[in-house]
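All of the numbers you see were taken from the coordinates with simple rules; none came from a lab. Computed from a predicted model, the values in this text were never measured in an experiment. Cβ: placed from backbone, ideal geometry, glycine included. Neighbour counts: every protein chain shown.
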Amino acid sequence: MTDTTERALRDAILATDISDQAEALLALIKSTDPEHEPFYINDFVHSLLTHFGKIALIWGIEDVQRIRPDLTIDQIWQVLEHAFDKHDAEFGISWTTLETIAVDRFGDAPETDKAEEA
């Protein structure tokens with residue numbers, strides 16, 4: 001076996017091990033209560049992407065709840081999935097994007113009593 005072949009084989013074995021470890025970590029994280037992050041997921045994702053020279057903006061359920069507290073978690077997730085699937089890379093995803101999707105899919109937010117807000 002040549003040095004190049006041995007190195008490629010060793011790299012393939014290592015990649016499989018890393019892939020298996022990544023899948024195991026993902027399974028472990030998924031087994032936790034989604035209401036209580038085991039660590040700050042955003043920092044973990046950003047650190048991982050930075051290592052490979054990539055970036056990502058993260059929008060979550062709590063972001064949509066800020067603008068549409070009347071929606072259920074399932075409805076909020078539908079808003080986020082739609083934003084992800086249909087976003088325009090020229091404009092990205094913004095608060096307005098999320099609000100517009102929520103209105104399009106679930107109608108206007110119910111009126112709030114001004115006395116309750118005071």
Worksheet item: Residue by residue through the range 28-33, which ³J(HN,Hα) values in whole Hz follow from phi under the Karplus form 6.51 cos²θ - 1.76 cosθ + 1.60 (θ = phi - 60°), with glycine and proline marked x?
Response: 5, 5, 5, 7, 8, 5
Worksheet item: Short version: ³J(HN,Hα) in whole Hz for each residue of the range 37-43, in order, from phi by Karplus 6.51 cos²θ - 1.76 cosθ + 1.60 (θ = phi - 60°), x for Gly and Pro, what are they?
Response: 4, x, 7, 6, 4, 4, 5
Worksheet item: Can you give the Rg and Dmax of the chain based on its C-alpha atoms, in angstrom?
Response: 20.9, 79
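Starting from the Kirkwood radius over alpha-carbon pairs of the range 59-112, derive D by Stokes-Einstein at 25 °C in a medium of 0.890 mPa s and give it in µm² s⁻¹. Can you show the working numbers first?
Details: Rh = 11.1 Å.
After rounding, the answer is 221 µm²/s.
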Worksheet item: What dipole magnitude, in Debye to the nearest 20, does the chain give about its Cα centre under +1 on Lys/Arg Cβ and -1 on Asp/Glu Cβ?
Response: 420
Item to complete: Per residue of the range 79-90, in order, report the coupling 6.51 cos²θ - 1.76 cosθ + 1.60 (Karplus, θ = phi - 60°) as ³J(HN,Hα) in whole Hz, putting x for Gly and Pro.
Response: 4, 5, 4, 5, 4, 5, 5, 10, 5, 9, 4, 5
Worksheet item: For the range 18-118, with the dipole built from +1 on Lys and Arg beta-carbon atoms and -1 on Asp and Glu ones, taken about the Cα centre, which of Leu25, Phe106, Thr96 lies farthest toward the positive end?
Response: Leu25
